[in-house]
Structure formats: structure tokens, C-alpha cells
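Colleague: Please read through the structure below; I'll follow up with questions.
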Amino acid sequence: MKQLNGKLWVFKGILFLLMFSGFNLNAQELVQVINEVITVNSTSSLLGYTRNKVQVRLPEKTKSYIYRISVYPKGNAGIDQSLLELLKKVGGAEVALMSSLSDFAIRNNDNLSIDAFIFNNVYDMDNFYSKNENNWSACKTMLNRANSCISVKECLNKDVFFGFRNNNISQGLDVKLEIIALVDSTSTVDYLHSFTINNNSNQELKYFLSPDNINWKEMVLRKGYINSFNIEQEKLFFKIYTDKYKFSSYRLDPSERYKIIWNSSKMIWDLVKY
């Protein structure tokens, strides 16, 4: 994963915030979200860009999803049996229990690879695409990735964003992206919501989070690090103290990026979107 200072800490749960509710294996439905070929040009190409991006809307009640990345020479994307067809032969309940899905990856002898990233907000995806290298972080990073098939539970949101980067000097690439969602029709939660907090200060900081603005949980974040997490609650409250009399408090919006800064005009620790 890439972050401003190359540091990222993924927070997977808070005591009072459950990342996942009950998982009914018998209710797992396989839903195809995308089956698309994305072109990513070589670094020497004069005809296009060496990066590409895709925004994906996940179905309601998605508990996890499976993506398959297949890399081909530009203009030669293969026609293979779809990932959905293969997974349906196994069944949603069995797929949900599988620890590895590597057997579902496309096998070819092209020896091609791509850098792939998953983002949980549009700002990081757009900064990646625009090559603003010091202003994006990824929920998941896959460098020099050949054909693969992987299940993901940590990068969940109403929308997820994929980015691809071609480092090959002369070979343009076609990347076939297939995403199959595992949907639990019995779930009481339609979507998980992502929140990202970056410590932009020069020191370790403590802050507090609450789902109701009443019950608070203390968090610690090292300088230059990010807390990134997905939770069921759509609203989340933030508070940080400068001393026992001064504090900043906000309601956080999902799918936004926040950073803790020193507000020199107010002389307090503060939180801003970026």
C-alpha cells in the first residue's frame, strides 16, 4: 500500500464498531459486477496514458468480492470462460469458505504483469491517475502482478476504485477485470462505509471516535501514518484534545479523506478534509 510517507496502518475494527455482522453462508449469492477490458499503454507510447482507472458500484449487501485480473498484450485480450461461470459451478457458500482462489486465474505464457491498486475513495483514485504521487494512498496494492484471482473483504464500500499502471517500456497491455460480489440477502446492512484519517503532524497523536457522540474510544496514530477502516455505521464522530480545555470535534462523512493538522490560528489540533 502506498501512502504519503510510504506508511499505512489499516484499522480493521473498533470495539463498538463491527466490521461484519452475521455471515449466512447459505444466503451467499454470486453477482457479476464488471467484466471489462481496460487498456494501459506502455511508457514509450505516444498514443495514450500509462495508467487507467475504473469505478465500480458494488451491489447492496455485499459482504466480500472476488476480482480476477488477466493481463494480455494490447489488442489481444483472450476470450476465456468467465469467472462467474466458473464460480457458479462451485456455489456461493463454498466460494465464501475458500482460502485460495488461485486456481481460477487465467493461465497463459505471456509473462506480462501490471501494477494494480484498489482505492476506497475517488480522491485517491484521481490523484493516482493524475500522477500526483505524494497525495494518494491505496487500500490494497499489488505490484508487478501477473494473472490472479483474489477474494477481498477489507476494501468494501458502496463504490470501490481500481487503478492500473504499466511500467513496461514497449508493451502496451489489455487488462481484463472481472469482479464477482458475494451478496448476503439476509444482511440488515446495505453497505459498509469507509473512513480514512491521516496524521499529518510531526508527532504521535491520540484522538477519539464514537458512533453516537456519547460513547468514545481512544485511538493512537503515529506520525505519517493512516487509519483506514470500513464500518457498518454511516455516521462517525471524531474528537481530539489539545489540552483538557481545548478540543476539536466533528462528524465524519464516509468515503472522505481527513488529516489531523496543527491549526496555528486557533492554536489547537484540528481535522480537515484533503
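The values are calculated or read from the model by the stated rules, or taken from the named source; none is laboratory data. Quick caveat, the model's predicted, so the values are computed rather than measured. As a convention, Cβ positions derive from the backbone with ideal geometry for all residues, glycine included, and neighbour counts pool all protein chains shown.
Colleague: Looking only at the range 123-155, count how many residues are more than 26 Å from N111 (Cα to Cα), touching an Asp or Glu at 6+ places or on another chain (Cβ under 7 Å) and not in a loop (DSSP other than H, G, I, E, B).
Modeller: 0
Colleague: Is it true that V175 is outside the structural domain of I260 (by TED's automatic domain parsing) and over 18 Å from K273 (Cα atoms)?
Modeller: Yes.
Colleague: Still on this structure: Would you call I150 surrounded by fewer than 17 Cβ atoms within 10 Å (Cβ to Cβ) and either over 21 Å from Y258 (Cα atoms) or of a type in the set (D, E) (or both)?
Modeller: Working: surrounded by fewer than 17 Cβ atoms within 10 Å (Cβ to Cβ): no; either over 21 Å from Y258 (Cα atoms) or of a type in the set (D, E) (or both): yes.
Taking the combined requirement at face value, the residue does not satisfy it.
For every residue, the table says whether it meets (1) in contact with a helix residue (DSSP H, G or I) (Cβ under 9 Å, 6 or more places away or on another chain); (2) basic (K, R); (3) not in a strand (DSSP E or B).
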position: T39; (1), (2), (3): no, no, no
position: S42; (1), (2), (3): no, no, yes
position: G48; (1), (2), (3): no, no, yes
position: K63; (1), (2), (3): yes, yes, no
position: A77; (1), (2), (3): no, no, yes
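Colleague: Restricting attention to the range 100-117, which residues are of a type in the set (S, T, Y) and either in a helix (DSSP H, G or I) or out of contact with any strand residue (DSSP E or B) (no Cβ under 9 Å at 6 or more places or on another chain) (or both)? Steps first, please.
Modeller: The first filter runs over the range 100-117 and keeps only residues of a type in the set (S, T, Y), leaving 100, 102, 113.
S102, the sole residue that qualifies.
Colleague: Could you tell me which residue of the range 116-147 is farthest from V71 (Cα to Cα), considering only residues that are in contact with a helix residue (DSSP H, G or I) (Cβ under 7 Å, 6 or more places away or on another chain) and not hydrophobic (A, V, I, L, M, F, W, C)?
Modeller: Checked the range 116-147; the qualifying residue farthest from V71 (Cα to Cα) is N135.
Colleague: What about S21, is it more than 30 Å from N134 (Cα to Cα), hydroxyl-bearing (S, T, Y), at pLDDT below 95 and surrounded by fewer than 17 Cβ atoms within 10 Å (Cβ to Cβ)?
Modeller: Here the answer is yes, as S21 does meet what is asked.
Colleague: Okay, moving on. Read through the list (1) of a type in the set (A, V, I, L, M); (2) over 24 Å from E85 (Cα atoms); (3) at pLDDT below 95; (4) surrounded by 16 or more Cβ atoms within 10 Å (Cβ to Cβ), then give the number of the only condition that I169 fails.
Modeller: (4)
Colleague: Which of the following residues is among the small types (G, A, S), within 10 Å of the chain's Cα centre (by Cα) and closer than 30 Å to E232 by Cβ: S148, S137?
Modeller: S137
Colleague: Grab the strands (runs of 3 or more DSSP E) fully contained in the range 221-274, keeping just those with 3 or more residues being polar (S, T, N, Q) and over 15 Å from Q203 (Cβ atoms).
Modeller: Where strands (runs of 3 or more DSSP E) fall fully within the range 221-274 and carry at least 3 residues being polar (S, T, N, Q) and over 15 Å from Q203 (Cβ atoms), they are 226-231.
Colleague: Could you list all residues from the range 102-123 that are touching a Ser or Thr at 6+ places or on another chain (Cβ under 6 Å) and either among the polar types (S, T, N, Q) or modelled with pLDDT of 95 or more (or both)?
Modeller: F117, N120, N121, listed by residue number.
Colleague: Can you name the number of the only condition in (1) within 22 Å of E234 (Cα to Cα); (2) of a type outside the set (D, E, K, R); (3) out of contact with any strand residue (DSSP E or B) (no Cβ under 7 Å at 6 or more places or on another chain) that N127 fails?
Modeller: Every condition holds for N127 apart from (1).
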